[in-house]
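*Asks:* This is the structure, below, for whatever I ask next.
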Amino acid sequence: MKFPRLGSLLKLTPPATVAGFILFFALGGTAFVELQRSNVRQPIAFNHAKHVENGVSCTDCHTGVEIQAKATLPAIDTCLTCHQTALTSSAEEAKIRSVAAAGRELAWVQLTQVAPHVFFSHRRHVAVAHLACPECHGPMEKITAPPQRPWRVLTMNACIGCHQQHGVNADCNDCHR
């Protein structure tokens, strides 16, 4: 078997490498955006509007939003703070106690996501920049059923547009780590 000469390979490598990177990022970016647009089902039919109407704020359930990089999805113990005993005759509310009795967590599906190579800090956006939750998550206080897809897909263009709108730095190294 005859192997190609090194000189021949080097002539082909740069275009092939560039094409490979373009293909990798195009397919990866498309898959990331499509994943965020897909319909999902949450473990309970959570009614954000009802909870807000009863005085529950975003940070009561999403406890990490002001102090951590990740906002956190509610742990079963967070739900049990109010729902240890039945408040209503709702089958959805009863699911909370059933899941807790089984020693499990609610299997929430995170809807709003950034690409894996992007660092995003909720604390920095909420506690430092004082962005309100609806800026990225939409009018959750009006939603009576779990959303099936993110309100805003957080692409690089969406993030840069928001940074420009609010007059803040959009340096690549702030997010791409």
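*Asks:* Would you call ALA26 of a type in the set (Gly, Ala, Ser) and modelled with pLDDT of 60 or more?
*Replies:* Considered against the rule, which asks whether it is of a type in the set (Gly, Ala, Ser) and modelled with pLDDT of 60 or more, ALA26 comes out as no.
*Asks:* Quick test for you: out of ALA91, ALA107, ALA101, ALA115, pick the one residue that is within 26 Å of HIS51 (Cα to Cα), small (Gly, Ala, Ser) and under 16 Å from the mean Cα position of the chain (by Cα).
*Replies:* The match here is ALA107.
Conditions tested, residue by residue: (1) at pLDDT 95 or above; (2) in contact with a strand residue (DSSP E or B) (Cβ under 9 Å, 6 or more places away or on another chain).
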| residue | (1), (2) |
| --- | --- |
| ALA127 | no, no |
| PRO139 | yes, no |
| LYS142 | yes, no |
| GLN148 | no, no |
| TRP151 | no, no |
| MET156 | no, yes |
| CYS159 | no, yes |
| GLN165 | no, no |
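*Asks:* Name the single residue that is surrounded by the fewest Cβ atoms within 10 Å (Cβ to Cβ) among those in the range 91-116 being among the polar types (S, T, N, Q) and modelled with pLDDT under 95.
*Replies:* Filtering the range 91-116 for residues that are among the polar types (S, T, N, Q) and modelled with pLDDT under 95, the one surrounded by the fewest Cβ atoms within 10 Å (Cβ to Cβ) comes out as GLN110.
*Asks:* Something else about it: Quickly run through the range 117-139 and pick out the residues that are of a type outside the set (Lys, Arg), surrounded by fewer than 17 Cβ atoms within 10 Å (Cβ to Cβ) and in contact (Cβ under 8 Å) with a residue 40 or more places away in the chain.
*Replies:* HIS117, VAL118, PHE119, SER121, ALA127
The values are calculated or read from the model by the stated rules, or taken from the named source; none is laboratory data. Keep in mind the model is a prediction, meaning the values are calculated, not measured. Cβ sites come from the backbone with ideal geometry, for glycine too, and all protein chains shown count toward neighbours.
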